[in-house]
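Each remark here refers to the structure printed beneath this line.
The values are calculated or read from the model by the stated rules, or taken from the named source; none is laboratory data. On a predicted model such as this, the values are computed, not experimentally measured, just so you know. Heads up, the Cβs are rebuilt from the backbone with ideal geometry, glycines too, and the neighbour counts pull from every protein chain shown. Heads up: the accessible areas ignore ligands, DNA and RNA and are worked out on the full protein's heavy atoms, side chains in. Shrake-Rupley method; radii C 1.70, N 1.55, O 1.52, S 1.80 Å.
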Amino acid sequence: MGRQEAWQVELDWLFARQRFGVHPGLGRVQALLARLGDPQASFRTVLVGGTNGKGSTAATLAAMLRAGGARVGLFTSPHLTRFTERFVVDGQELPEDVVAAALARVRPEAEAVEASFFEIVTALGALLFAQAGVQVAVMEVGLGGRLDSTNALDPVLSVVTNVALDHTEFLGDTLEAIAGQKAGILRAGRPAVVGVAPQVQSIFAAQGADLWRLDDHLLVTELRGWQGAQVTLGGEDGPLSLSTPLLGAHGARNAALAALAALRLGLPAEAVTRGAASVQWPGRLEVIAWQGGRVLLDGAHNPDGARALAAALRELGVGPLPLVFGAAGDKDISGVASALRSCASEVILTRAALSPRAADPEALASLFAGLPVTVTDSPAAALAVLAARHAPLALVCGSLYLLGEVRPLLLGEAGASRERWQ
């Protein structure tokens, strides 16, 4: 069997397990890690959780750690287009053959403990990072925190970006309930940094961690339009200023939280500022040149994320623009649409072709009543409609799975071919 064939066989097996759904709990992933020799014991772990912004915060922190000279693993989910995006070492995705070989090792052990898709992916990340000799792994939490697979790792530092309503069927339908789940990644007596709202801070304080709150340290935020932002933090050694290319006030806040985490890990100011300036995070207020104009991609998929996106567009001076929109059917689509209505001059509805969770575009039209609406059946069809508009700037958002299919079309790259559930 050739390399590519072996890769496809392993991915076919793994992706088939998406259909078994999400099963919160740590027992299976702990058993799987033990059967693999507890690879996570060979490196330090930082857990990054939160409702929104955890991916960009994790990517920024990883860039800062790299700038400080560490060999760093970055684990994120979901991927946009390529499965290997989830496993990055020193800024580079691990090669398919390396991931395939590790997955072949994980597979019999995962079958023995009946591990779920995300439990397997978490254990695979730990094994890959151990094999790559990383010194520290920045692990983005998948769902919630307390019972998420990543929480089977033992963090030296925990980070929580914010708390908002999302995944309520698993985490609870109040901010307090969701905060309780997310606070589960904190460890008593160990460092933690949080950017959560005052109304839930007591829930995090109750965990007994050595807690720093972002709002106690964030001194100045200066938004610089399409260039990003300048942020100044108060530190033990005096103020620290850094520039980030992340757009919007929420992007600046994520960069500041990553910087606070980096300082808690003992990184020097120079590494923090250099790492902040170098970060790249696709699909989150990402600008792509296309057919003489620009397309803005953003993964906003819940009302809180959509409101942050709308605020960022206002900060950038962007008026109503064409919106390509598609969403997962199990999200608060009405809340997302309500936040985005004022940003749209027209709406082109579509769906992620590879996601069985995607909502029917026809069913979304009523959410944008009063705006010109075009319904399409695929991302390619939506882009064909958009191309005819010749708009200088357009927005694509609503689902990371949608972005994962649109982005390669914009860039002229090969797209994914497997169903996406997780």
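Could you check, for segment 146-155, whether at least one of its residues is of a type outside the set (K, R), over 22 Å from the mean Cα position of the chain (by Cα) and surrounded by fewer than 24 Cβ atoms within 10 Å (Cβ to Cβ)? Reasoning before the result, please.
Narrowing segment 146-155 to residues of a type outside the set (K, R): 147-155.
This time we only want the ones that are over 22 Å from the mean Cα position of the chain (by Cα), so: none.
The answer is no; no qualifying residue exists.
Just one of A344, A308 is of a type in the set (A, V, I, L, M, F, W, C) and in contact with a His (Cβ under 6 Å, 6 or more places away or on another chain); which is it? So that I can check it myself, show each step before the final result.
Values: A344 fails: in contact with a His (Cβ under 6 Å, 6 or more places away or on another chain).
Only one candidate qualifies: A308.
Residue check, G37 against (1) closer than 23 Å to A101 by Cα; (2) in a loop (DSSP other than H, G, I, E, B); (3) open to solvent by less than 20 Å² (accessible area, probe 1.4 Å), all met but one. Which one?
(3)
Yes or no, residue by residue, for (1) part of a loop (DSSP other than H, G, I, E, B); (2) closer than 24 Å to V121 by Cα:
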| position | (1), (2) |
| --- | --- |
| K331 | yes, yes |
| S355 | yes, yes |
| A384 | no, no |
| A387 | no, no |
| G404 | no, yes |
| S417 | yes, yes |
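Could you say which residue among R28, R44 is within 18 Å of A152 (Cα to Cα) and in contact with an Asp or Glu (Cβ under 7 Å, 6 or more places away or on another chain)? Reasoning before the result, please.
Details: R44 fails: in contact with an Asp or Glu (Cβ under 7 Å, 6 or more places away or on another chain).
Of the residues listed, the single one that is within 18 Å of A152 (Cα to Cα) and in contact with an Asp or Glu (Cβ under 7 Å, 6 or more places away or on another chain) is R28.
Take the residues of segment 182-232 that are of a type in the set (K, R) and surrounded by fewer than 21 Cβ atoms within 10 Å (Cβ to Cβ): which is farthest from R44 (Cα to Cα)? Can you show your working first?
The first filter runs over segment 182-232 and keeps only residues of a type in the set (K, R), leaving 182, 187, 190, 213, 224.
Filter once more, so that each one left must be surrounded by fewer than 21 Cβ atoms within 10 Å (Cβ to Cβ): 187, 190, 213, 224.
On the way: R187: 14, R190: 13, R213: 22, R224: 35 Å.
Ranking the candidates gives R224 first.
Which residues, taken from segment 15-32, are at pLDDT below 85 and part of a loop (DSSP other than H, G, I, E, B)?
Step one: of segment 15-32, the residues at pLDDT below 85 are 19-24.
Result: G21, V22, H23, P24.
When E176 is evaluated against the numbered criteria (1) at pLDDT below 95; (2) under 30 Å from V272 (Cβ atoms); (3) open to solvent by 10 Å² or more (accessible area, probe 1.4 Å), which criterion, by number, is the only one it fails?
All conditions pass for E176, except number (2).
Conditions first: (1) touching a helix residue (DSSP H, G or I) at 6+ places or on another chain (Cβ under 6 Å); (2) open to solvent by less than 10 Å² (accessible area, probe 1.4 Å); (3) among the hydroxyl-bearing types (S, T, Y). T81 passes all but one, so which condition is the exception?
Result: T81 passes all but (2).
Here is a check on your reading of the model: is V22 open to solvent by 30 Å² or more (accessible area, probe 1.4 Å) and under 21 Å from the mean Cα position of the chain (by Cα)? Step through it out loud before you land on a result.
Details: open to solvent by 30 Å² or more (accessible area, probe 1.4 Å): yes; under 21 Å from the mean Cα position of the chain (by Cα): yes.
For V22, the condition - open to solvent by 30 Å² or more (accessible area, probe 1.4 Å) and under 21 Å from the mean Cα position of the chain (by Cα) - is met.
Would you point out which residue out of L321, L260, L242 is open to solvent by less than 10 Å² (accessible area, probe 1.4 Å), hydrophobic (A, V, I, L, M, F, W, C) and touching a Cys at 6+ places or on another chain (Cβ under 8 Å)? Can you show your working first?
On the way: L260 fails: touching a Cys at 6+ places or on another chain (Cβ under 8 Å); L242 fails: touching a Cys at 6+ places or on another chain (Cβ under 8 Å).
Every option except L321 fails the conditions.
What's the number of the only condition in (1) assigned to a loop (DSSP other than H, G, I, E, B); (2) without any contact (Cβ under 8 Å) to a residue 60 or more places away in the chain; (3) closer than 29 Å to T81 by Cβ; (4) of a type in the set (A, V, I, L, M, F, W, C) that L246 fails to meet?
Of everything listed in (1) assigned to a loop (DSSP other than H, G, I, E, B); (2) without any contact (Cβ under 8 Å) to a residue 60 or more places away in the chain; (3) closer than 29 Å to T81 by Cβ; (4) of a type in the set (A, V, I, L, M, F, W, C), L246 misses just condition (2).
On the given criteria, is V272 surrounded by 15 or more Cβ atoms within 10 Å (Cβ to Cβ) and either closer than 30 Å to A344 by Cβ or of a type outside the set (D, E) (or both)?
yes
Need the failing condition index for G235 against (1) over 17 Å from the mean Cα position of the chain (by Cα); (2) open to solvent by less than 10 Å² (accessible area, probe 1.4 Å); (3) at pLDDT below 95, just the number.
Of the numbered conditions (1) over 17 Å from the mean Cα position of the chain (by Cα); (2) open to solvent by less than 10 Å² (accessible area, probe 1.4 Å); (3) at pLDDT below 95, the odd one out for G235 is (2).
What are the pairs with Cβ atoms under 9 angstrom where one residue, in segment 375-388, is in contact (Cβ under 8 Å) with a residue 60 or more places away in the chain and the other, located anywhere, is open to solvent by 60 Å² or more (accessible area, probe 1.4 Å)? Sequence gap at least six, or different chains.
L386/Q291; A387/Q291
If I filter segment 383-400 down to residues being under 14 Å from T350 (Cα atoms) and at pLDDT 95 or above, which single residue comes out as surrounded by the most Cβ atoms within 10 Å (Cβ to Cβ)? So that I can check it myself, show each step before the final result.
So the first thing to find is which residues in segment 383-400 are under 14 Å from T350 (Cα atoms), and the list is 383-386, 395-400.
This time we only want the ones that are at pLDDT 95 or above, so: 383-386, 395-397.
On the way: L383: 23, A384: 13, V385: 17, L386: 25, L395: 24, V396: 30, C397: 28.
Per the criteria, the residue is V396.
Testing L285 on (1) part of a loop (DSSP other than H, G, I, E, B); (2) closer than 15 Å to S56 by Cα, one condition comes back false. Which one is that?
(1)
Just name the residue that is surrounded by the most Cβ atoms within 10 Å (Cβ to Cβ) out of those in segment 280-290 that are in contact with a strand residue (DSSP E or B) (Cβ under 7 Å, 6 or more places away or on another chain) and not charged (D, E, K, R). Let's see the steps before the verdict.
So in segment 280-290, the residues in contact with a strand residue (DSSP E or B) (Cβ under 7 Å, 6 or more places away or on another chain) come out as 283-288.
With not charged (D, E, K, R) added as a condition, the list becomes 283, 285, 287-288.
Working: G283: 23, L285: 26, V287: 12, I288: 16.
Per the criteria, the residue is L285.
Name, by its number, the condition in (1) open to solvent by 50 Å² or more (accessible area, probe 1.4 Å); (2) touching a residue at least 60 places away in the same chain (Cβ under 8 Å) that does not hold for L296.
Going through the list (1) open to solvent by 50 Å² or more (accessible area, probe 1.4 Å); (2) touching a residue at least 60 places away in the same chain (Cβ under 8 Å), L296 breaks only (1).
Would you check if there is a residue in segment 308-319 being within 17 Å of the chain's Cα centre (by Cα), in a helix (DSSP H, G or I), within 26 Å of A388 (Cβ to Cβ) and among the aliphatic types (A, V, I, L, M)? So that I can check it myself, show each step before the final result.
The first filter runs over segment 308-319 and keeps only residues within 17 Å of the chain's Cα centre (by Cα), leaving 308-309.
Of the ones still in play, those that are also in a helix (DSSP H, G or I) are 308-309.
Checking which are within 26 Å of A388 (Cβ to Cβ) leaves us with 309.
Pick out the ones that are also among the aliphatic types (A, V, I, L, M) and you get 309.
Yes, there is a match, as at least one residue in segment 308-319 is within 17 Å of the chain's Cα centre (by Cα), in a helix (DSSP H, G or I), within 26 Å of A388 (Cβ to Cβ) and among the aliphatic types (A, V, I, L, M).
Counting just the residues of segment 369-382 that are open to solvent by 50 Å² or more (accessible area, probe 1.4 Å) and either at pLDDT below 95 or part of a loop (DSSP other than H, G, I, E, B) (or both), which one comes out nearest to D330 (Cα to Cα)?
Filtering first and then ranking leaves D377.
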